[in-house]
Amino acid sequence: MTNLVIFASGNGSNFQAIIDATSKGDLHAQIKGLICDHKDAYCITRAQNHQIPCVLFNRKDYESKSDMDEAILNQCRLWDADWLILAGYMRLLSSVLIQSYPQRIINIHPSLLPQYKGKDALGQALAAHETTLGVSIHYVDEGMDTGSLIAQYPFQIKGDEDRSLIEEKLHQLEHKIYPLVIQQLIKEKP
Ligand code: GAR
């Protein structure tokens with residue numbers, strides 16, 4: 001069985017979609033653990049609800065970012081991770097992690113990259129009056145949402161749609177495609 005470690009910083013609805021896909025048997029993988037960097041994040045509760053181990057990493061406990069990522073790497077090795085899955089993990093990874101899992105770290109981002117990198121990509125796209133929005137899944141490198149693309153899914157909105165409705169559409173799309181893409185990747189490279 002392929003071992004996944006999920007990284008999340010917040011709500012964790014994509015984490016939940018991955019949990020649900022493994023429970024349903026749509027995703028043939030085992031979630032070994034959750035790495036989280038915010039003690040109050042709701043993704044921690046989701047992990048507890050499903051008896052998934054969670055380890056919290058607080059940046060203030062480490063002298064440098066790479067020290068923290070070294071500790072995260074040790075934890076991923078303890079869990080015997082095959083793939084690291086970023087699901088709303090709002091932190092750049094340092095080379096210690098990237099080089100230890102070459103082409104085995106992926107991220108989901110709410111824009112049609114290379115457009116609208118970084119935080120609040122949806123807000124950036126709406127501010128630019130885009131009517132074609134989308135979601136990208138890409139390999140992670142040391143840059144901000146710069147790794148090579150794996151898949152992109154555009155969707156259309158009307159100019160006058162409410163942001164909350166658009167967000168709902170975007171999340172529904174993310175929850176559908178992320179487990180599918182992960183399944184495809186691990187089928188090719190368990
Ligand atoms: C998702 O929309 C994901 O695409 C985005 O954060 C959200 C997390 O939601 N990720 C990024 O912006 C990465 N640059 P969730 O915590 O409910 O899964």
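The values are calculated or read from the model by the stated rules, or taken from the named source; none is laboratory data. If you're wondering where the values come from, they're calculated on a predicted model, not measured in any experiment. With ideal geometry, Cβ positions are generated from the backbone for all residues, glycine too; neighbour counts draw on all protein chains shown. All accessible areas refer to the heavy atoms of the entire protein, side chains included, with ligands and DNA or RNA removed. Shrake-Rupley method; radii C 1.70, N 1.55, O 1.52, S 1.80 Å.
A few remarks follow.
- Filter result (more than 16 Å from the ligand (Cβ to nearest atom) and not in a loop (DSSP other than H, G, I, E, B)) within segment 22-47: 23, 24, 29, 30, 32, 33
- For segment 80-101, taking the residues that are in contact (Cβ under 8 Å) with a residue 60 or more places away in the chain and in a loop (DSSP other than H, G, I, E, B), the one that is surrounded by the most Cβ atoms within 10 Å (Cβ to Cβ) is identified as 87.
- The residues on offer are 61, 69, and the sole one that is open to solvent by 40 Å² or more (accessible area, probe 1.4 Å) and of a type outside the set (Gly, Ala, Ser) is 61.
- Segment 111-130: number of residues that are loosely packed, with under 15 Cβ neighbours inside 10 Å and either outside any loop (DSSP other than H, G, I, E, B) or in contact (Cβ under 8 Å) with a residue 60 or more places away in the chain (or both): 2
- Considering residues of segment 1-13 that are more than 16 Å from residue 73 (Cβ to Cβ) and surrounded by fewer than 22 Cβ atoms within 10 Å (Cβ to Cβ) only, the residue modelled with the lowest pLDDT: 1
- Among (1) more than 17 Å from residue 175 (Cα to Cα); (2) touching a residue at least 12 places away in the same chain (Cβ under 8 Å); (3) not in a loop (DSSP other than H, G, I, E, B), the one test that residue 137 misses: (1)
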